[in-house]
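Below: one structure, written as structure tokens.
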Amino acid sequence: MKRSFRMLLLATLPLPAFAPGAMAIDPDSINDTQVQSARASIIEMIWQHQHPDRHWDPVTMPQGESTNQHLGGYTALTVLALVTAGESYQDPRLKQPLADLQKVELRGTYAVSTRATIWAALPDRFRPLLQQDAQWLLSSWNLKAAGWDYRANPEGTLSRPSPSVRHFGTLALWAASRRGMTIPPGLLSDLETVTINNQLEDGAWHYPGSGTPRSSGSMTAAGLVTLYITQELLHARDALKLSDADPSPSEAAIERGLAWMDTNYDARSNPGGGRGSRFPMYYQYAVERVGLASGLRTFGGRDWFREGTGAILDRLFLERGDELVLKSAYAPGGNPAALRELCFSLLFLSRGRAPIAVNKLRFDGRWNNRPRDMANWCRWMSEEMETDVNWQVVDLDTEPESWLDAPILSIVSDRPLPWLEPHRAEIRAFRTGSKAYLERRRAGTLTEGERPPRPPSIQEVEQLRQYIDRGGLILAINEGRSDAFSRSMQDLGALLNPGADWNTIPANHPIYQHPQKITRRPKILSLHNGVRDQILLLPNGDSSADLQIVDRSSKPVLQTLSNIHAHASGMHRTRPRLDARARPWTRGRGSTSATIVRGVHNGHWKSEPLALKGLQHALGRDHDIALELHDRRITDMSRSGRPDLLLLSGTRETTLTEQDWAAIERFVREDQGVVLFEHAGGGDGGIFAATMEQAAMDRFGTPVRSAVRTPVVTGKELPGAVDCTRVQWTPYSIMEVFGAAETAPRLRCLEVDGHPAVFFSRVDLSHALLDHPRWGIHGYDHESATNLMSNLLLYGKTRRPTGTAP
């Protein structure tokens with residue numbers, strides 16, 4: 001159900017309980033448009049809470065909170081939430097709050113930490129204020145307790161230091177370090193030690209108290225974030241050694257904490273309850289911080305951002321028909337804790353919704369030698385592009401479609417891929433046999449009925465094949481001095497695409513030129529299917545070390561990888577997190593059936609193997625058509641009956657045999673068939689389709705003309721067809737090929753016996769059907785390509801001779 005969001009002010013109600021149970025709002029159905037609308041409603045309500053004198057500080061603090069500790073803290077938290085959500089710090093409504101925050105003497109650790117995080121997010125002119133607050137935190141550090149008190153108390157006795165105070169203080173110092181400030185290693189070491197020592201036997205952390213320690217979800221998340229920060233600030237260089245040593249105490253503690261989260265995570269309530277149940281939105285905020293710090297998409301197989309978003313919308317909004325309305329309990333004048341919940345909710349929804357730039361593949365092996373590599377790359381891109389992007393860890397044993405929420409899948413290691421090692425002899429034999437088979441095919445010396453060698457059956461390879469064939473790009477980085485991983489990746493490439501060679505990308509390649517011109521170019525090997533790169537391999541140079549520790553020498557690698565991301569995402573057009581999920585395609589059980597035969601020839605006839613599966617899915621969903629798909633030699637196209645469309649796709653100049661042309665002529669004249677020649681990817685001037693146009697004109701003796709007046713384009717007199725007289729092109733086509741907006745289709749056709757029968761597309765249709773945009777593809781966008789292909793199929797059905805079996 002599509003929902004819009006608005007505010008509804010009724011009688012003031014108490015804040016709702018945050019308890020386990022089914023959500024009224026289905027997390028699986030939430031999209032980014034709804035999140036954006038919810039954020040807008042929350043932001044509007046937060047502005048309504050603003051007071052001309054107190055700004056956002058309450059008259060009376062919520063239960064359990066002290067004015068002495070939290071003076072200015074609510075205003076700081078609100079400003080942080082608004083700025084994080086994209087509100088400009090130059091908004092006139094923030095002028096006085098920011099001015100007062102600069103002048104006021106804050107007394108509490110929460111308040112100072114939050115204010116410091118604001119300064120860290122603002123331009124350099126606020127840097128002295130950041131230094132001032134960072135120094136307050138350093139001076140207030142209690143060495144004996146290895147933590148902070150609620151107020152500055154560096155010399156006193158802290159009987160029960162709060163983990164959440166450590167959480168806020170650590171986040172503030174981390175933000176300061178990212179702006180170039182040095183945090184004393186001794187403080188960080190003590191912080192790490194006390195955090196590890198306070199971990200419970202079950203892997204969790206807890207609120208300190210006088211009774212038996214009680215594991216807490218929010219405190220476990222806070223403990224994990226603290227260790228991720230100390231890992232980055234203290235131990236980043238340790239990872240450069242590529243050691244085989246056992247996990248460090250910090251790494252072991254992180255693993256135990258994550259295992260607890262996997263077992264106990266619940267979006268609806270703070271696991272462990274107790275004091276933590278009073279702060280449900282702080283729990284969501286803490287989960288978001290550990291989710292982003294770790295790169296983990298799920299805890300216990302549950303998508304923390306999707307489910308957390310569902311829980312927040314469930315708590316803050318009511319359903320009113322097709323609308324979700326903000327509950328009146330969050331209006332000004334109600335519960336003082338309402339503003340706090342709005343701010344933590346806004347922080348969660350704002351940070352978590354950022355697009356995923358890269359997924360890092362987790363497998364049973366040395367996949368994470370440099371744990372901050374992808375995080376640092378994404379942080380650098382966020383700063384360069386001035387828009388947030390995130391990264392994620394994905395598992396090899398999950399659905400490959402779930403990896404498509406990012407344009408890149410990174411595989412990084414210093415050892416051979418473990419799932420290939422048991423099959424080395426089989427892989428070597430397959431590579432040799434495939435090379436010989438392809439040479440015989442090119443020479444036309446294949447024996448009757450000869451088939452290509454079958455690769456060894458390896459489940460992990462099939463997972464990666466599915467990902468690549470759906471449009472994904474693998475970025476592989478060889479770590480260390482050994483080239484074992486690089487050689488293993490080249491074996492993987494031979495299994496995935498035995499007809500392709502690995503080629504070194506030349507200096508004038510677009511990846512080195514756009515958007516940034518790279519002068520110090522890391523070596524890159526490419527495996528290409530004729531349409532797009534399938535795997536990019538950095539075979540040497542240990543680029544992951546440049547990502548683990550970012551300094552001046554890292555710039556060429558960061559720029560190159562940023563360019564790779566730009567090309568993989570259609571020039572940084574990455575979809576928001578909730579809208580980027582791809583699902584497995586299904587074949588619809590339509591009330592009518594149709595058939596496409598993809599013709600086999602001596603060129604790249606199947607560069608995008610799953611393109612027609614995408615069309616099959618769309619036709620079942622949108623046109624109630626059950627599409628049958630067959631790959632056949634052209635002379636054998638009608639073995640299963642007359643197809644409604646014969647598709648001949650290619651990526652380079654190709655010559656068909658006389659037997660092939662004779663079969664095509666019989667098909668269009670005797671069976672009134674419809675044929676499409678398409679240059680997949682649209683590169684090289686569409687040379688495949690162009691040469692076929694000339695060959696067809698020679699064969700049929702009639703000219704090729706524009707197809708814009710045919711039913712395939714107009715949709716007229718073609719039941720179920722779509723008007724395609726105006727189409728959408730890829731951004732690459734508009735910006736790099738046309739140089740201006742263009743809406744006319746470029747489909748051409750040749751008439752046979754007075755009817756359009758043979759169609760030609762020098763621009764891409766196949767890749768567009770995958771719905772995974774890539775820069776450098778000249779052709780239609782996904783919707784227009786789907787509509788044109790659907791119209792061609794429907795037209796082919798109408799041309800079926802009376803009495804011919806469907």
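The values are calculated or read from the model by the stated rules, or taken from the named source; none is laboratory data. Quick caveat, the model's predicted, so the values are computed rather than measured. FYI the Cβ positions are ideal-geometry reconstructions off the backbone, even for glycines, and counts take in every protein chain you see. These accessible areas exclude ligands, DNA and RNA; they are computed on the full protein's heavy atoms, side chains included. Shrake-Rupley method; radii C 1.70, N 1.55, O 1.52, S 1.80 Å.
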Filter result (buried (at least 24 other Cβ atoms within 10 Å of the Cβ) and closer than 19 Å to ARG652 by Cα) within segment 744-757: LEU747
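Could you pull out the residue among GLY570, GLY541 that is in contact with a helix residue (DSSP H, G or I) (Cβ under 9 Å, 6 or more places away or on another chain), part of a loop (DSSP other than H, G, I, E, B) and open to solvent by 10 Å² or more (accessible area, probe 1.4 Å)? Spell out how you get there, then give the answer.
Details: GLY570 fails: open to solvent by 10 Å² or more (accessible area, probe 1.4 Å).
Result: GLY541 is the single residue among GLY570, GLY541 that is in contact with a helix residue (DSSP H, G or I) (Cβ under 9 Å, 6 or more places away or on another chain), part of a loop (DSSP other than H, G, I, E, B) and open to solvent by 10 Å² or more (accessible area, probe 1.4 Å).
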Among the residues of segment 397-444, count how many are under 16 Å from the mean Cα position of the chain (by Cα) and either among the β-branched types (Val, Ile, Thr) or over 21 Å from PRO576 (Cα atoms) (or both). 3
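Restrict the check to segment 363-373 and report whether at least one residue is among the basic types (Lys, Arg), open to solvent by 40 Å² or more (accessible area, probe 1.4 Å) and part of a loop (DSSP other than H, G, I, E, B). Break it down into steps so the answer makes sense when it comes.
So in segment 363-373, the residues among the basic types (Lys, Arg) come out as 366, 370, 372.
Of the ones still in play, those that are also open to solvent by 40 Å² or more (accessible area, probe 1.4 Å) are 366.
Those still in the list that are part of a loop (DSSP other than H, G, I, E, B) too: 366.
Yes, the conditions are met somewhere in segment 363-373.
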Test of understanding: among LEU224, LEU240, LEU188, which residue is aliphatic (A, V, I, L, M), in a helix (DSSP H, G or I) and over 31 Å from the mean Cα position of the chain (by Cα)? LEU188
Count - residues of segment 761-777 that are surrounded by fewer than 24 Cβ atoms within 10 Å (Cβ to Cβ) and touching a strand residue (DSSP E or B) at 6+ places or on another chain (Cβ under 6 Å): 1
State all residues of segment 654-707 that are outside any helix (DSSP H, G or I), of a type in the set (Gly, Ala, Ser) and touching a Ser or Thr at 6+ places or on another chain (Cβ under 8 Å); if no residue qualifies, say none. ALA680, GLY681, GLY682, GLY683
From the option list ALA329, ALA293, single residue qualifying as over 30 Å from the mean Cα position of the chain (by Cα) and in a helix (DSSP H, G or I) is ALA329
Which of the numbered conditions does SER593 fail, given that it passes all the others? Conditions: (1) touching a residue at least 60 places away in the same chain (Cβ under 8 Å); (2) open to solvent by 10 Å² or more (accessible area, probe 1.4 Å); (3) touching a helix residue (DSSP H, G or I) at 6+ places or on another chain (Cβ under 8 Å). (3)
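Yes or no, residue by residue, for (1) open to solvent by less than 60 Å² (accessible area, probe 1.4 Å); (2) touching a residue at least 24 places away in the same chain (Cβ under 8 Å); (3) assigned to a strand (DSSP E or B); (4) touching a strand residue (DSSP E or B) at 6+ places or on another chain (Cβ under 6 Å):
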| position | (1), (2), (3), (4) |
| --- | --- |
| PRO719 | no, yes, no, no |
| CYS724 | yes, yes, no, no |
| VAL737 | no, yes, no, no |
| ALA741 | no, no, no, no |
Flagged in segment 634-649 as part of a strand (DSSP E or B) and out of contact with any Asp or Glu (no Cβ under 8 Å at 6 or more places or on another chain), in numbering order, are LEU645, LEU646
If you take just the helices (runs of 4 or more DSSP H) that sit entirely in segment 16-111, which of them hold at least 3 residues that are modelled with pLDDT of 95 or more and open to solvent by less than 30 Å² (accessible area, probe 1.4 Å)? 32-48, 73-84, 92-103
Keeping to segment 374-400, report how many residues are of a type in the set (A, V, I, L, M), surrounded by fewer than 21 Cβ atoms within 10 Å (Cβ to Cβ) and closer than 29 Å to GLN459 by Cβ. 2
Selection within segment 185-210 - under 16 Å from SER248 (Cα atoms) and of a type in the set (Asp, Glu): ASP190, GLU192
Quick check on my filter: what residues within segment 544-561 are farther than 17 Å from ARG237 by Cα and either open to solvent by 20 Å² or more (accessible area, probe 1.4 Å) or more than 23 Å from the chain's Cα centre (by Cα) (or both)? LYS555, PRO556, GLN559
Could you check segment 334-369 and list, in sequence order, the residues that are within 23 Å of THR33 (Cβ to Cβ), within 22 Å of the chain's Cα centre (by Cα) and among the hydrophobic types (A, V, I, L, M, F, W, C)? LEU346, LEU347, PHE348, LEU349, ALA354, ILE356, ALA357
